[in-house]
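Here is the structure we will look at.
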Amino acid sequence: MTAEKELAQLCMNDPNDKLDDAVDPTAIVGHSDFINALAGALANGRMHHAWLLTGPRGIGKASMARLAAAWLLSEQVAEAGLFGDAAPQFAVSPDDPGANLVFRGAHPDYLAIAPVLDDNKSGQIKIDQIRDMVPFMAHKPARGGWRVAVIDSMDEINRNGANAMLKLLEEPPEKAVIFLVSSRPGQLPPTIRSRCRVVRLSALDAVMCRDVLAKIWPDADAGHIDLSAQLCGGAPGRAISLAESGAADCYQVACSLLAAPKLDVGAMAALAGKWGRGAAAGRATREGAVFCLDRLLRLAALTASGGSSLTICNFETGAIDALCKRHTAATLAGFHDAFLKDSSRAEGLYLDFSQFLLRQMIKLYEKTLP
């Protein structure tokens, strides 16, 4: 995938998502608070050395960070700094020489850090990648502007890696900016959060989310786009991941099995085997399984308690009704809490995730109500 397409993922968090050529590579979708804050910081000469972009997974944090890097390294920003003019408006052209180098991953003052998938069972960013960033940021900018790094994401860095960044965050070089991305900022060390300017990016509204998906999938029928927009909760990147990993299809099968009048262990085992595939190759599918079952249990618990603020997809209705007939609202809430804790543990300890999912679905099927 080209870097220009990568930039178009302003509503996604996964650089491996594939987009259609019809998508404008420099289109900005939402996140105006961050754009205004960044432009204002540059205009006032108070550019913070580290920006922590937080918010739900799949809303475009990493792509927004890459776009910000392209803007800072564009020639329009360099010329404004050179001649002392007011900072330019936040706008990026793929024809700008500096921005174009960032899009192609060839700018000498730009560093992108993400997990290397080859021979990487943990899927984490290696500590050596963080250590290599220190001398990179300390060098004088090759093109006379800024040195910019994007870390996608801090959620994939262990405590040792985070500690390796501290000196850089405590004593930042001049003209250096780091954009850190995190969907789980509460799990980051306080020493990291306290040294960053934290900006929370929000999920897109339903109309904007649907419009983005329609541009990404120009040949998809309206029903598929509407369903994906409902399911992803304002995070088009999540919709792409659910669709391309097969997790969305697995979820529909799971709902059908949970709604069935008779438990079909064989079918559930086959589904769990596909939905809980191991190793790095199955990571997106496993994450999709956790997202979908988290959603189902939340909706069921809310419905059982007498209300729900989320839109329910048609295929979820039967499963939710069946769960409410089998369990109380308190039991479903307990299942939800335990599922999130146990799924994190299963992933962290590299347990057989397919067996974990099978046990969870069988537990959901078995009645606890008298």
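The values are calculated or read from the model by the stated rules, or taken from the named source; none is laboratory data. All values derive from a computational prediction rather than experimental measurement. When we count neighbours, we look across all protein chains shown, and the Cβ atoms used for this are built from the backbone with ideal geometry, even at glycine. Each accessible area value is taken on the protein alone, full model and side chains, heavy atoms only, with ligands, DNA and RNA left out. Shrake-Rupley method; radii C 1.70, N 1.55, O 1.52, S 1.80 Å.
Can you tell me how many residues in the range 168-187 are in a strand (DSSP E or B) and closer than 14 Å to residue 48 by Cβ? Summing the residues that are in a strand (DSSP E or B) and closer than 14 Å to residue 48 by Cβ in the range 168-187 gives 5. Any residue at all in the range 240-253 that's touching a Cys at 6+ places or on another chain (Cβ under 8 Å), closer than 19 Å to residue 315 by Cα and not hydrophobic (A, V, I, L, M, F, W, C)? Yes, there is a match, as at least one residue in the range 240-253 is touching a Cys at 6+ places or on another chain (Cβ under 8 Å), closer than 19 Å to residue 315 by Cα and not hydrophobic (A, V, I, L, M, F, W, C).
Count of the range 144-167 residues, restricted to those that are open to solvent by 10 Å² or more (accessible area, probe 1.4 Å) and part of a helix (DSSP H, G or I), is 8.
Only residues that are in contact (Cβ under 8 Å) with a residue 40 or more places away in the chain and open to solvent by 20 Å² or more (accessible area, probe 1.4 Å) were counted across the range 121-143, and they come to 2. Is there a residue being under 21 Å from residue 101 (Cα atoms), of a type in the set (Asp, Glu) and without any contact (Cβ under 8 Å) to a residue 12 or more places away in the chain anywhere in the range 65-79? Scanning the range 65-79, I find at least one residue that is under 21 Å from residue 101 (Cα atoms), of a type in the set (Asp, Glu) and without any contact (Cβ under 8 Å) to a residue 12 or more places away in the chain, so the answer is yes. Just one residue in the set 331, 311, 303, 285 is open to solvent by 30 Å² or more (accessible area, probe 1.4 Å), hydroxyl-bearing (Ser, Thr, Tyr), in a helix (DSSP H, G or I) and closer than 26 Å to residue 228 by Cβ; that residue is 303. Scan the range 202-213 and give yes if some residue there is over 27 Å from residue 123 (Cα atoms) and either of a type in the set (S, T, N, Q) or in contact with a strand residue (DSSP E or B) (Cβ under 9 Å, 6 or more places away or on another chain) (or both), otherwise no. Within the range 202-213, none of the residues are over 27 Å from residue 123 (Cα atoms) and either of a type in the set (S, T, N, Q) or in contact with a strand residue (DSSP E or B) (Cβ under 9 Å, 6 or more places away or on another chain) (or both). Whenever a residue of the range 33-56 is under 19 Å from residue 193 (Cα atoms), its partners that are open to solvent by 40 Å² or more (accessible area, probe 1.4 Å) and among the hydrophobic types (A, V, I, L, M, F, W, C), lying with C-beta atoms within less than 9 angstrom and at least six residues away or across chains, give the pairs 51/198; 52/198; 53/198; 54/198; 55/203; 56/203.
Annotation: residue 229 fulfils all but one of (1) of a type in the set (A, V, I, L, M); (2) open to solvent by 10 Å² or more (accessible area, probe 1.4 Å); (3) at pLDDT 95 or above; (4) in contact with a Cys (Cβ under 7 Å, 6 or more places away or on another chain); the unmet one is (3).
Note on the range 27-59: residues that are open to solvent by less than 10 Å² (accessible area, probe 1.4 Å) and out of contact with any strand residue (DSSP E or B) (no Cβ under 9 Å at 6 or more places or on another chain) amount to 2.
Within the range 108-120, which residues are open to solvent by 40 Å² or more (accessible area, probe 1.4 Å) and not charged (D, E, K, R)? Passing the criteria: 108, 111, 112, 116, 117.
Taken over the range 334-370, the residue count meeting the criterion of being under 30 Å from residue 156 (Cα atoms) and in a helix (DSSP H, G or I) is 24.
Restricting the range 75-122 to residues that are farther than 20 Å from residue 176 by Cβ and among the hydroxyl-bearing types (Ser, Thr, Tyr) leaves a set whose member that is modelled with the lowest pLDDT is 122.
Residues in the range 188-226 that are open to solvent by 50 Å² or more (accessible area, probe 1.4 Å), assigned to a helix (DSSP H, G or I), at pLDDT 90 or above and not basic (Lys, Arg): 190, 191, 222, 224, 226. Of 233, 273, 237, all but one fail to be on the phi > 0 side of the Ramachandran plot and not polar (S, T, N, Q); the exception is 233.
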